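A quick write-up on the structure given underneath.
Please treat every number below as a calculation from the coordinates, not as lab data. Just so you know, these numbers come straight off a predicted model, no measurement behind them. Here the Cβ positions follow ideal geometry from the backbone for every residue, glycine too, while neighbour counts run over all protein chains shown.
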Amino acid sequence: MSGPQSALAAGKLMSKVNHTDTVREVLIAKLTYGEYMPGHTFKLRELMEDEAFQGMSQTPIREALLQLVAKDILIGQRGFSVRVPIPSVEHLTEVRAIRTKLEVMAALQTLDDWTPRQIAQLEKLHQALVKAKERGDVRAQLKQNALFHMALCRMEEKSYLKTMIQTLWAITGPSVGFLYEKGAPSIFSGTHPHEDILEALRTGNALLLESALIRDLSNSGTKIMEVLRRKLSPEALTVQPFKKMELVRARQRAGRQLQQVE
């Protein structure tokens, strides 16, 4: 279990670790998997009701959100609502281009280290993606695709490079959901790039690995841009005012309740 997947699992074992750090990693995982779409506004009450944060208080959740704002993954400011940014085409193009270069670098670094067993495990992730696509499970498709890339880059082996890749995935992950909305264009024709990536790992072919990974990321990126241009009007891209968040303590049958007040 690696990267975002281990972070989500850790969400159930928060009592013995730094709560803010764990919440932050779980949020990054959810962003990477595309669980939050661009424009999503985070509400403390809803997050506290999420089973991934079961038993957590508002403080580590709020602090984790602010840390992601500081990293430019989310937007907001202290005392106001925090949300997933709606990217411009130019910004998303830049971020995806950087991510592509870094992923290629990470993949090539370990090309000669792959064992048949590890390649088989990576292939299982791709097959899970294929099966999710066949049954129309969008959420599983997004997650399995991200897990494939995380495994390819050996994200469990911590480094500055891996940290940068993880941050860029958290920024671009929400927009990947645009690919799976009704009316979104088809991404690939012919052999899926993941299959070429697997073949490159089996044969130690650096050129094939690089070209397949670039094709995978550039093709999906191009389609995302097409949807983004069609879907979002100039008005939708305009930064909206942040909403003031206040904690209202009201004694009800259920006890204390966190509410968002306009």
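Descriptive notes on the structure:
- Residue exposure sequence - 105, 56 - by fewest surrounding Cβ within 10 Å: 105, 56
- Footprinting exposure proxy for 149, 192 (fewest neighbouring C-beta atoms within 10 Å first): 192, 149
- A straight chain from residue 138 to residue 49 at 0.36 nm per residue would run longer than the Cα-Cα distance by 29.7 nm.
- Computed 3J(HN,Hα) for the range 145-161, one whole-Hz value per residue from the Karplus formula 6.51 cos²θ - 1.76 cosθ + 1.60 where θ = phi - 60°, is 5, 5, 4, 4, 5, 4, 5, 4, 8, 6, 5, 5, 8, 5, 6, 4, 4, glycine and proline marked x.
- Applying 1/(1 + (r/R0)^6) with R0 = 35 Å to the Cβ-Cβ distance of residue 97 and residue 118 gives a FRET efficiency near 0.80.
- Among the listed pairs 158/223; 30/71; 30/131; 30/143; 101/162, those beyond 19 Å (Cα-Cα): 158/223; 30/131
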